[in-house]
Amino acid sequence: MQTTLSRLKIMSAAVLLLAASAAQADITLFTSQSAYLAAVGNTGVDTFDDLPITALDSPLYRNAGSYAYTASSVGASSILYGAGAGAGNDHWLSTDNRNDSVLFSNFSGAVRGVGGFFFGSNLFGEYAGSPSITLTARNALGEQLTYKLTLPTQASFVGFLSSGAFSELSVSSAGQIGIWPTINNLTVSAVPEPATYGMLLGGLGLLGCMARRRRTSQR
């Protein structure tokens, strides 16, 4: 019962945030993966597990499910790096120079949501605790949102939803000594059109009725 109510709360918040985003034509931030996934439609994930732990010439032409995109290193070096040493088969994407940023761009399809797990890694491609990671999302309408993720871990999820098509997402460690910006499980999503909000709310109402009926039958 408690699980059902929690899901209703998350989905309700996601729908309201999405509706507000469409009305205000801006970019909305999520730091909860479950809330982000509740707000978006079709989602694809690039795990980076196919990347070798070595230097990689950028741009990389990648796919997150049915969505194509490019990943580039911006700064002193054009080299990206396959990281994740010591993490088994869970590989990540990072830069070759700690002062550089990873730029995700050229998204295909009606992409309105971009997110993932963001943290720092060290010279050997292993996870390293860092003070912060800075993310900047931009859309085709010229709007921009910058977010500083403090004390990130490998479980730190950040997602952005936009009323306009996404143009790019950049990830940086702002040149912190011994810290390279690192990304795992890049998540690229479509977002329901405003006309579908009514359907989503109707579904929430149905779930609410089911929860009430279940609560009544348990008395």
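FYI, it's all coordinate maths here, none of it is from the lab. All figures in this text were calculated on a predicted structure; none of them were measured in a lab. Cβ atoms come from the backbone with ideal geometry, glycine included; neighbour counts cover every protein chain shown.
A Förster radius of 35 Å combined with the Cβ-Cβ distance from Leu123 to Ser34 puts the calculated FRET efficiency at roughly 0.55. Applying Stokes-Einstein at 4 °C and 1.567 mPa s to the Kirkwood radius of the range 26-193, computed over alpha-carbon pairs, gives a translational diffusion coefficient of 84 µm² s⁻¹. Counting neighbouring beta carbons within 10 Å and listing from fewest to most, the residues Thr150, Thr31 come out as Thr150, Thr31.
Ordered by the number of other Cβ atoms lying within 10 Å of each residue's own Cβ, fewest first, Asp50, Asp26 fall into the sequence Asp50, Asp26.
Taking other C-beta atoms within 10 angstrom as a stand-in for reagent exposure, Leu145, Leu151, Leu60, Leu186 fall in the order Leu151, Leu145, Leu60, Leu186, fewest first.
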